[in-house]
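All remarks here apply to the structure that follows.
The values are calculated or read from the model by the stated rules, or taken from the named source; none is laboratory data. Model, not experiment: these values are computed from the prediction. Cβ placement follows ideal geometry from the backbone for every residue including glycine, while neighbour counts extend to all protein chains displayed. Side chains are part of the model used for accessible areas, which takes the heavy atoms of the whole protein and leaves out ligands, DNA and RNA. Shrake-Rupley method; radii C 1.70, N 1.55, O 1.52, S 1.80 Å.
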Amino acid sequence: MSKLKDKVERLYREDKTGLSFFLTGGYPDMESFTKLVKYIDKNNLADFIEVGIPFSDPVADGPVIQESSQKAISAGTTYNNILMAVKSLKNKIDIPLVLMSYLNILLADELEKTLLTAADAGFSAAIIPDMPYGEHEKALEILKRVGMELILLISPGTPDKRVREIGKESSPFLYYVSSYGVTGNGKKFDKKTLESIRKVRNLSAKPVYCGFGITTGKDAQYIADIADGEIIGSAVIDLISENNIEQTFNDIYKFAINIGKSIRE
Amino acid sequence: MDEKYYYGGFGGRYVPESLIEPLNELDRNYKSCKKDKNFQSKLSDILKNYAGRPTPLYLSGALSEYCGCSVYLKREDLCHTGAHKINNALGQGLLAVETGKRNIIAETGAGQHGVATAAAAALFGLKCTIYMGTKDIKRQHNNVVRMKLLGADIVEVQEGDKTLNAAVNATLRRWVQDPENIYYLLGSCVGPHPYPAIVRDFHSVIGKEVKEQIPDRPDVIVACVGGGSNSIGIFTPFFKDKNIRFVGVEAEGCASLSKGKVGVLHGAKSYLLYDKNGQIKKTHSIAPGLDYSGVGPEHSFYKERSRAEYVNINDSEALKAFRWLSKNEGIIPALESSHAVAWVMKEKWNGGQKVVINLSGRGDKDIDEIFSMEEIKREYE
């Protein structure tokens with residue numbers, strides 16, 4: 001069983017809300033990025049980390065992640081050097097890692113090869129935001145072969161039948177996109193969001209993690225009522241200072257403690 | 001992978017999950033409108049009386065003499081708003097009306113699709129927002145003013161390459177936010193299924209008219225290819241006649257079919273220009289309508305099957321053709337269409353051949369940009 005699956009299932013059994021942080025690979029620079037991963041791991045600030053591969057045309061992302069991606073690309077960040085950096089952490093960290101990449105990055109070389117490199121670097125699963133259910137078969141088959149899982153997304157408009165089908169393929173959890181739109185801050189969560197998550201939970205046996213727009217402790221607490229876990233991206237990226245890593249550590253620590261309290265109390 | 005969303009191995013629906021249901025809905029609505037006689041007759045009426053169809057097929061004396069064969073121009077430049085783009089804007093605009101969507105968004109590169117969409121929105125009484133890159137706003141100022149006059153809101157896209165690519169990204173992001181109320185009126189035969197099919201169908205009126213207008217049948221059909229909408233529109237009705245040669249002319253700096261690799265961008269698997277790390281390349285062309293890193297999936301299919309040849313023309317060749325046709329035929333072609341003209345002028349022909357060029361648009365929009373080039377300005381002064 002993968003490190004990620006183990007963790008997600010344990011949290012689920014213990015009825016604890018899982019927490020994942022998203023980091024843009026190579027942002028603000030490769031060294032700080034690896035330090036951030038280690039810092040989050042060492043201080044137990046999240047249950048797993050989603051590592052985003054910067055892409056020139058990220059259609060599912062809002063301005064915060066777009067900007068961090070653009071900066072990382074301009075600084076020469078590539079898929080391979082993010083993977084090398086992640087691989088260098090392999091026996092030094094305990095926290096499971098999830099790869100978040102747009103499909104074209106993975107197609108730049110043979111899909112077999114790019115996904116095998118990801119598995120080898122230590123990634124447990126992949127999220128490919130522009131490869132929805134229905135276009136996923138080939139990648140899923142390769143991921144299984146290299147020992148990784150595929151996390152598929154569900155949106156508020158996904159019909160029940162499709163949710164059930166996605167529930168069978170997505171593992172170890174379903175990623176529920178909490179509202180229409182791109183990643184980023186300032187979403188409003190309401191009863192409809194909760195009802196919608198509840199519905200998805202009832203339609204599938206897998207845990208449901210919620211992401212897109214969770215910004216404050218209040219948001220996190222509200223969602224934690226129903227969701228099995230939460231994924232926070234833009235709000236984390238927003239805390240990253242481009243030239244002061246100590247400041248970033250402090251801010252992320254405070255943020256994580258606040259979120260942790262909000263979802264587990 | 002669902003075969004019906006593909007042309008050979010190209011196409012598909014590579015979009016965020018939030019857009020899958022809206023695309024299903026669009027697919028259903030389009031299919032029912034396509035079969036609906038009432039819809040079709042409304043559209044024909046608008047195309048005829050509002051857009052000015054059928055456009056003439058003109059046997060160009062000057063080009064025929066220059067090339068030593070019969071060269072016909074399909075005069076899409078005479079369409080209302082100045083380019084073939086109006087065919088699709090009216091078709092999809094009517095589709096939006098029929099399906100109860102009052103809020104239209106669209107991307108634009110050269111501004112021709114933006115102007116066509118703004119006109120369709122004005123005609124149908126719809127709210128219209130156009131996304132356009134900063135770079136294109138500067139070089140197509142005239143079209144920006146036209147869109148505003150037609151009542152559209154313009155959103156300047158400052159990210160990415162600041163041209164069509166970035167405009168498509170921004171429009172997709174906006175659509176994801178409110179797919180129930182917004183109709184995304186995509187302007188080329190690109191994007192996720194069913195867009196490539198919808199755009200092709202609405203433009204195939206071009207090829208259908210040529211079929212009726214040309215004495216006998218053409219030997220060669222030539223059209224410029226950016227996303228590929230005018231070319232697919234003129235090619236499609238002749239697809240089955242394998243003896244007719246199709247030539248798609250790309251701009252040298254954005255020749256995804258002649259110089260790219262298969263990848264995924266804006267919802268479809270197709271030929272694309274990207275670097276070894278998978279990042280989409282910034283492109284350049286003097287013709288903003290061709291300045292795009294991808295191409296419609298059906299063209300990738302044509303290429304793979306060798307049903308069409310894809311060639312490319314550089315900026316100065318296109319500019320030369322632009323000036324030549326203006327001076328010798330009295331027709332100022334769009335810089336995009338000038339690429340097709342340039343290729344025909346370069347090629348060797350024998351006397352009996354009939355060549356049809358799709359003159360997809362008129363060049364009025366390009367005049368300011370061309371006259372900002374010092375050497376040209378001096379020459380005409």
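Summing Lys, Arg as +1 and Asp, Glu as -1, what charge do residues with Cβ under 13 Å from the Cβ of B:Arg217 carry, B:Arg217 excluded? Don't jump to the answer; show the numbers that get you there.
Working: positive: B:Lys211, B:Lys240, B:Lys242, B:Arg245, B:Lys354; negative: B:Glu212, B:Asp216, B:Asp219, B:Asp241.
That works out to +1.
What net charge do the residues around A:Ser204 carry, taking every other residue with its C-beta under 9 Å from that of A:Ser204, with Lys and Arg at +1 and Asp and Glu at -1? Neighbour charge sum, excluding A:Ser204 itself: +4. The spacing between region B:311-365 and region B:1-66, judged by their C-alpha centroids, is 25 Å. The label-point distance for A:Glu9 and B:Ser44, in a model that sets each label 7 Å from Cα toward Cβ, rounds to 6.4 nm.
Rounded to whole Å, give me the distance from the Cα center of region A:159-206 to that of region B:264-279. Computed from Cα coordinates, the inter-centre distance equals 29 Å.
Placing pseudo-labels 7 Å out from each Cα toward the beta carbon at B:Val145 and A:Lys92 gives an inter-label distance of 6.0 nm.
Bridge orientation summary for region A:3-264: considering DSSP beta bridges with both residues in this region, about 0 percent are antiparallel. Note on region A:145-265: Cα Rg divided by 2.2 N^0.38 Å, N the number of residues, gives 1.13.
What is the calculated FRET efficiency for A:Lys35 to A:Lys218, with r their C-beta to C-beta distance and R₀ = 35 Å, to the nearest 0.05? Could the numbers behind the result be given before it?
Working: r = 29 Å, r/R0 = 0.84.
Efficiency computed from Cβ-Cβ geometry: 0.75.
Within region B:267-304, whose backbone N sits under 15 Å from a point 7 Å along Cα→Cβ of B:Glu375? The answer is B:286, whose backbone nitrogens lie closer than 15 Å to the label point. Taking θ as phi - 60° and the Karplus parameters 6.51, -1.76 and 1.60, the scalar couplings of region B:278-284 work out to x, 7, 5, 7, 6, 10, 9 Hz in sequence order, x denoting glycine and proline. Solvent-accessible surface of region A:3-264, averaged per residue with a 1.4 angstrom probe and all protein chains in place: 39 square angstrom. Per the Debye calculation on the protein assembly as shown with a single equal scatterer at every Cα and no solvent contribution, log₁₀ I(q)/I(0) for q = 0.11 Å⁻¹ amounts to -1.03. Which distance in Å, rounded to a whole number, links the C-alpha centroids of region A:9-79 and region A:137-152? What the calculation gives is 21 Å, centre to centre. Karplus-derived 3J(HN,Hα) values for region A:33-44, using 6.51 cos²θ - 1.76 cosθ + 1.60 with θ = phi - 60°, are 4, 5, 4, 5, 4, 4, 5, 5, 5, 4, 9, 6 Hz; glycine and proline are entered as x. Buried between B and A is an accessible area of approximately 2800 Å², summed over both sides with a 1.4 Å probe. Which one, A:Val51, B:Thr117, B:Asn165, projects farthest toward the positive side of the charge dipole computed for the protein assembly as shown from Cβ point charges (K/R +1, D/E -1)? Positive-end residue among those listed: B:Thr117. Potential lengthening of the chain between B:Lys348 and B:Ala122 amounts to 76.8 nm, from the contour at 0.36 nm per residue minus the alpha-carbon distance.
For region A:3-264, which whole-number percentage of the solvent-accessible area (1.4 Å probe, protein heavy atoms only) is attributable to carbon and sulfur atoms? The value for region A:3-264 is 47 percent carbon and sulfur by accessible area. Restricted to Cα atoms, chain A shows a radius of gyration and a Dmax of 16.8, 48 angstrom. Sequence-ordered 3J(HN,Hα) estimates for region A:141-153 from the Karplus curve with 6.51, -1.76 and 1.60 and θ = phi - 60° stand at 4, 5, 4, 4, 4, 8, x, 10, 10, 10, 9, 9, 9 Hz, glycine and proline given as x.
Across region B:1-147, the relative contact order, built from alpha-carbon pairs under 8 Å that are at least six residues apart, equals 15 percent. For the protein assembly as shown, a simple Cβ point-charge model (Lys and Arg +1, Asp and Glu -1, everything else neutral) yields a dipole of about 1160 debye relative to the Cα centre. Averaged over the residues of B:261-271, the number of partner chain Cβ atoms lying within 10 Å of the residue Cβ comes to 3. Neighbours of A:Lys42 by Cβ distance under 12 Å: Lys/Arg scored +1, Asp/Glu scored -1, total +1.
Database remark: amide H of A:Glu230 closer than 5 angstrom to the amide H of A:Gly18, A:Leu19, A:Ser20, A:Cys210 (H placed geometrically; neighbours at sequence offset of 5 or more, or on other chains; Pro and chain starts carry no H).
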